[in-house]
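To start, the structure itself, in C-alpha cells.
The values are calculated or read from the model by the stated rules, or taken from the named source; none is laboratory data. Fair warning: this is a prediction, and the values are worked out from it, not measured in the lab. Backbone-built Cβ (ideal geometry, glycine too); neighbour counts: all protein chains shown.
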Amino acid sequence: MQPCLYLPNVLWAISSIFLILTLQGCKNKNNTQTSIQYPITEKVKQIDTYFGKTVEDEYRWLENDKDPKVSEWIKAQNKVTFEYLEKIPYRNAIKQKIEKLINFEKFSIPIKVGEYYLFYRNKGLQNQSVIYIQKGVSSPAEIFIDPNEIDKNGTTAIRLLSASPDNKYIAYSQSVAGSDWSEIYIMEIATKKKLPDVLKWAKFTDVAWKDNSTFFYSRYPEPEKGKELSGQNQFHSIYEHKIGDTQDKDKLIYRNNENPLLYHSARVTEDKKYLIMTVASGTNGFETYYKDLTNPFSKFQALFTGFEYKSSVIEHINGKFLVRTDIDAPKYKLVLIDPKTPQKEKWQTIIPEKEHLLEEVTVCGGKIFAKYLENASNKIYQMDLDGKNTKEIKLPSLGTVDGFNGKKEDKITFYSFTSFTYPSAIYKYDIETGESVLHFNPNLSFNPDDYETKQIFATSKDGTKVPIFVVHKKGLVLNGKHPTLLYSYGGFNVNLTPSFSASRIILLENDGVFAMANLRGGGEFGEEWHKAGMRLNKQNVFNDFIAAAEYLIAQKYTNSEKLAIAGGSNGGLLVGACITQRPELYKVAFPAVGVMDMLRYHKFTVGWGWIPEYGCADSSETDFKNLYAYSPLHNIKEANYPATLVTTADHDDRVVPAHSFKFIAKLQAHQKGQNPTLIRIETNAGHGAGKSTSKIIDEESDKWAFMFYNMGIQPKL
C-alpha cells in the first residue's frame, strides 16, 4: 500500500511575538464591512543555498510542531478565523441544512468471511461508521465493532483488514485523530472476542495471512519521541506475527538496510502458495518479488525490477501469475506469467491494451472482472480466466463503480455504484446468471432527477483537451452569474471519477454549478496522461486548471467574481500554485492540506515518497529550478489574492501542517487586496481519512458560508 497525497495542541501564554496589524477592510457585495486583525508572524533569518541561488525561509520556525510558540500561533490564527466565520449571518443555517442533507443511512460493500458478512453502516450522523456482522445476506445484523463506543469524541477510525484462511479471526487497524499511524488488533469473529495482540507503529499496511495463525504486515521502527507526527519515516519493513505472541517476538521478513527510503508491502495469494512483496521508492512505479511459502528455505525472487512501471500480481493461477501491467501498455493490459520463464516474450496476453484505461482487475468466483475508465466513467466486464466469453455488466448510468471482490468458490459478489447526484447504492451480483439486484439504496431528502451532469472540454495552453464534468439544475440558464466551485487534483496517477457529496447540494440548490476537471497528472487516460503532468511537466497541470476556469467563464457558467477553486493534498498544491499564478481569475480559494513548500516537502514523514512525482530540490539543479518556479510558498508576491481559507489539521502526518502554516503566514503578509486570508486549523484530525462526521459538517459549513459570503450571495436555505 503506497500513500498518495489527501502538532500537539499545547496551550501556552501568548508570546510577545504576536503583534497586531492595522485593520484591513474586507468588503463584499452585501455591503458588509468586516475588519480582520491578523497576527504578525515572526520572521527569522534563514537562508538556504540551492545550486548557487539563495532562498529565504523566514517562517522556518513554524515547522517545529513542538515549539510552544507554534501552538500559540495556531491558537491566534484560529481565533481570527473563527471570529470572522461567526460574523457570517447564515453560517448556522448552512450548518443545519448540511446536517439535514448528510443525515441519511449509508452502507458499505459487504465482505464475505465464511458464513458471515461484515459491512460498515452509518445511520446518518454517527461520527464513525459502525461495523456490523450477519449470517448470510438476509439475517438480522448485529454490531461487531463500534468505534463511537471506543472514543466518544469520534476521532478513532477502524479499518477492517483481512480474515484468516479458516475464517476464525479478522485483523483490523485502529488510528486516532486522523494520523496515518495505526495499531493492528485481532478479533475472533464468532465470539467477537478481542485477542491481546497489539501491533504498533504500523503504517501503509494490510494484513496477509500465511496460515490460520500467522500473518505478514508492514511497519516502521518506533519513531523518536516528540517527532511522531513530523519526523522522517525510514526502514518500512515486513514482519511476520504469530497470534498470541507479543510484538517483540515478531520475525523480520524483509528490510532494506542500504536504502531506508522504500515502501515494502506484502500480500499472499489465495492458495497460500506465494508471498508477493512490492517495493516502491515512492508513489510512482514499484518492483515485485515473490517467495514460495511451501518451501521453508525459499528466498525472494524478482518478478519485476526497477521503478519505472506498475505491474501488479492479481492472483496465482495454475502455477502462473495473473498480472496487470503498463509495460509496453500505458493504458494497461492483463497477462499471465510463468515465474520459471518470466521474459516478456513468454507472456500470455489475457486482455490486450485497448483504447480505454484498464483501471482495475479482480478475480472472484472463477471469473475475471475488468474495470475500465472511459472518459472518467466506469464500465465493467466479466470474462473467463482465459479472457474469453466477455460480457458487459450493465450499470445504472455514467458513474463510478467499486467491488467485485471475493474468493474462487463464491457464487455471489457485491458492488457499489455512485455518481455526482446519486449516493452510493449497493448491488448483489450473481456470477453465474449475471443478474444484479439492488441490495441497499439510500433514502435522500432531495430529488436527484432535478439535476443534470454533462462533460465538456476546455483547451489547455498547449492545445490539450481537458475534460470537465459540470453538474447543475436542469434547464439552468447560462448567464455568467452562477456561483461555481471548480475542483481537481491532478497528480499521482489518481483518477477523479463521479462521486457524491451531500454538502454539495447546497450549491446546486442555489442555482450553482459544480465542476470537476480531469487534469494531466491524473491517470484517467493512462500512464502517458500521468507523465504529462509530473516532474518537469507539472506546470501542465496548472495550465489545465487555469484553462478549465477560463472556459467556465467563457461559456457563461460563471465569472471571476463568482468562481471558487478547491483541492486537497496534491490538489492543495494545485490551488496554491494557481492563485499565485493567476490571482485575479478566482474570487474564492480553498487549498486543503496542501503541499506548499516544494523545496522541503521530502524532509517530513513520508514526503520522500513523492520525489518520483515531483523531483527533489536537493539532488538536481533542474528539479530545483522547476520546483522553485511553481512552489506556492516561494511564488507569493504582493497582489490582490482571492478570499482564501486554508484548511489543515494538527495531526496531519502525511502533508505536515507546516506547509499550510508557512503559506498562510506569507500570504497574509503580501495580501494587498481586501479579501480575507485565513487558515482553519482542525484539532484532533489528520489528512482526511477517518475524520468524524461532526468535524466534516463543521468544516463543510464554514467553507460554504465563506464562499457565499465573499461572493455576496444570500443563499436560499
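Please report, ordered by residue number, the strands (runs of 3 or more DSSP E) entirely within region 165-209 with at least 2 residues that are of a type in the set (A, V, I, L, M, F, W, C) and out of contact with any Ser or Thr (no Cβ under 8 Å at 6 or more places or on another chain).
It comes to 182-188, 199-202.
Tell me the helices (runs of 4 or more DSSP H) entirely within region 496-597 that contain at least 2 residues that are surrounded by fewer than 24 Cβ atoms within 10 Å (Cβ to Cβ) and touching a Ser or Thr at 6+ places or on another chain (Cβ under 7 Å).
Answer list for region 496-597: 539-554.
Kindly indicate whether L444 is assigned to a strand (DSSP E or B), out of contact with any Ser or Thr (no Cβ under 9 Å at 6 or more places or on another chain) and more than 21 Å from E355 (Cα to Cα). When the stated conditions are applied, L444 does not pass them.
In the list D402, D462, D430, which residue meets the criterion of being of a type in the set (D, E, K, R) and under 24 Å from the mean Cα position of the chain (by Cα)?
Residue meeting the stated conditions: D402.
For region 407-421, a residue qualifies if it is within 27 Å of the chain's Cα centre (by Cα) and either closer than 17 Å to V437 by Cα or surrounded by fewer than 20 Cβ atoms within 10 Å (Cβ to Cβ) (or both), and the qualifying residues are T413, F414, Y415, S416, F417, T418.
A residue that is outside any loop (DSSP other than H, G, I, E, B), closer than 23 Å to G285 by Cβ and charged (D, E, K, R) can be found somewhere in region 349-362. The single condition among (1) aromatic (F, W, Y); (2) closer than 29 Å to G712 by Cβ; (3) surrounded by fewer than 24 Cβ atoms within 10 Å (Cβ to Cβ) that F624 does not meet is (2). If you go through region 39-69 and keep only what is at pLDDT 95 or above and part of a loop (DSSP other than H, G, I, E, B), you end up with T41, E42, K43, V44, K45, Q46, F51, G52, D57, E58, Y59.
Filtered by the rule that a residue be of a type in the set (K, R) and either assigned to a loop (DSSP other than H, G, I, E, B) or touching a Pro at 6+ places or on another chain (Cβ under 7 Å) (or both), region 234-278 gives R255, K272, K273. Does region 648-669 hold any residues that are among the β-branched types (V, I, T) and either in a helix (DSSP H, G or I) or surrounded by fewer than 24 Cβ atoms within 10 Å (Cβ to Cβ) (or both), and which are they? Answer for region 648-669, where residues must be among the β-branched types (V, I, T) and either in a helix (DSSP H, G or I) or surrounded by fewer than 24 Cβ atoms within 10 Å (Cβ to Cβ) (or both): just I664.
Figure legend. Inter-residue proximity from region 235-260: first residues farther than 19 Å from A171 by Cα and surrounded by 12 or more Cβ atoms within 10 Å (Cβ to Cβ), second residues at pLDDT below 95 and of a type in the set (S, T, Y), beta-carbon distance below 7 Å, spacing 6+ or different chains. Indicated pairs: F235/Y220; H236/Y220; H236/Y263. Residues that are of a type in the set (S, T, Y) number at least 1 in the following strands (runs of 3 or more DSSP E) confined to region 305-348: 311-317, 320-325. Of T390, T421, T413, all but one fail to be modelled with pLDDT under 95 and of a type in the set (V, I, T); the exception is T421. Only residues that are surrounded by 16 or more Cβ atoms within 10 Å (Cβ to Cβ) and either in contact with a His (Cβ under 8 Å, 6 or more places away or on another chain) or of a type in the set (V, I, T) (or both) were counted in region 318-357, giving 9. Can G406 be described as modelled with pLDDT of 95 or more and assigned by TED's automatic domain parsing to the domain that holds S424? Spelling it out, G406 is indeed modelled with pLDDT of 95 or more and assigned by TED's automatic domain parsing to the domain that holds S424.
For region 528-567, residues that are among the basic types (K, R) and either at pLDDT below 95 or within 19 Å of G615 (Cα to Cα) (or both) total 3. Quick check, is N479 of a type outside the set (K, R) and surrounded by 22 or more Cβ atoms within 10 Å (Cβ to Cβ)? In short, no. So which residues in region 550-591 are touching a Leu at 6+ places or on another chain (Cβ under 9 Å), among the aliphatic types (A, V, I, L, M) and either within 21 Å of Y628 (Cα to Cα) or not assigned by TED's automatic domain parsing to the domain that holds V646 (or both)? Result: L573, L574, I579.
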